[in-house]
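Okay, structure first, notes after.
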Amino acid sequence: MNSTISTIVLICLLSSKSFSQVPQVAHGQLIRWADFSSQYVKPRHIDIWLPPGYDSTKRYPVLYMHDGQMLFDSITTWNKKEWGVDEVLGKLMNENQISPCIVVGVWNSGPGRFADYLPEKPWFSVNENWRKALMEEPQARAFPQGKPVSDNYLKFLVTELKPEIDKRFATLKNQKNTWVAGSSMGGLISWYALCEYPKVFSRAICMSTHWTAIYRIENNLFPEAFIHYLKNKLPKPGKHKLYFDYGTATLDSMYKPFQEKVDLIMKKKGYNQQNWITLEFPGEAHSEKAWNKRFDKPMLFLEGKAN
């Protein structure tokens, strides 16, 4: 493993570290549900961002975002970087480029992040001996009972968290207005959520999607397992939108050939520029800074206002 990838492995493992300080936001209002409990996954913080001018007599779309501790305030993050979700969305809303929405930042589970976000059905589709060997990979050692728990993570989102959000806030509960977003492993679980629950989620934002799952290409069966799953499970385009992107530096430099294969599937399934887009960002790395710079792109695309 080269030094660049080694550094990224360390970064991704450290990003699971928990911080209890409530983030400060430049726009809107942030509410924290601390240690939200679940029968399916470990308890975790939930940060709910309400847009500027939130009015409980109105109704708002809801964007569920993974790695919630990295979204709002660099002072509270492990690496002092953030997505700046409140700044990006606040600006777009103030300029009337997008409609107001609620963001639900779902914290990752620390060392169990990889198990939560790795699509479970593709994992079980690959050779058992290869799966056993993979358990020696650093990120896989945190698997509870030796396997991913992403199906349970999605049950948590859909059957436990979403009903509570819909009960306590002024949401548009229907599929059209329920979205999901993430980067890296969060990109994987976002398209997986759309495929597993196409009647719940209508739109998925998948930034710097970690198609390799682990940190090498050689002797890696994950990309083809993901591609095979998408061939069979990607929902029809009529009621769905997907956004993909990738940079060309650091870990993102591994993704292009696999994203191109996914793009072919999108075309074969009938997706077009109205309901799917893949963007390449030359020179951009695998980082919150990069995702912050381009987070406006998927949000504009979701509303049909992308250039």
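Every number here is computed from the coordinates shown, using simple stated rules; none is lab data. All values reported here derive from a predicted model rather than from experimental measurement. Note that each Cβ is placed from the backbone with ideal geometry, even for glycine, and that neighbours are counted across all protein chains shown.
Dividing the convex hull volume of the alpha carbon atoms of region 99-180 by its residue count, what do you get in Å³ per residue?
Enclosed volume per residue, from the Cα hull, is 117 Å³.
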- request: For a footprinting-style exposure proxy, rank T178, T171 by other Cβ within 10 Å, fewest first.
  value: T171, T178
- prompt: So which of K91/K236; K167/K199; K147/K167; K167/K261 end up more than 31 Å apart, counting from Cα to Cα?
  reply: K91/K236; K147/K167; K167/K261
Residue exposure sequence - L264, L71, L194, L161 - by fewest surrounding Cβ within 10 Å: L264, L161, L194, L71
field: Order of M65, M266 - criterion: other Cβ atoms within 10 Å of each residue's Cβ, fewest first
entry: M266, M65
message: In region 195-228, whose amide N lies under 18 Å from the spot 7 Å out along Cα-to-Cβ of S253? List them in ranges.
response: 208-218
message: Limiting things to C-alpha atoms, what are the Rg and the maximum Cα-Cα separation (Dmax) for region 25-159, in angstroms?
response: 17.6, 55
Phi to ³J(HN,Hα) by Karplus 6.51 cos²θ - 1.76 cosθ + 1.60 over region 127-139, Hz, x for Gly, Pro: 3, 5, 5, 5, 4, 5, 5, 5, 4, 7, 5, x, 6
message: For region 157-306, I need the span (max minus min coordinate) of the C-alpha atoms along each principal axis, in Å, sorted largest to smallest.
response: 46, 34, 30
- prompt: Please state the relative contact order of the chain as a whole percent: Cα pairs under 8 Å, 6+ residues apart?
  reply: 17 percent
- line: Scattering profile of the chain from the Debye formula, Cα beads only, expressed as log10 I(q)/I(0) at q = 0.07, 0.11, 0.14 Å⁻¹, is -0.24, -0.61, -1.05
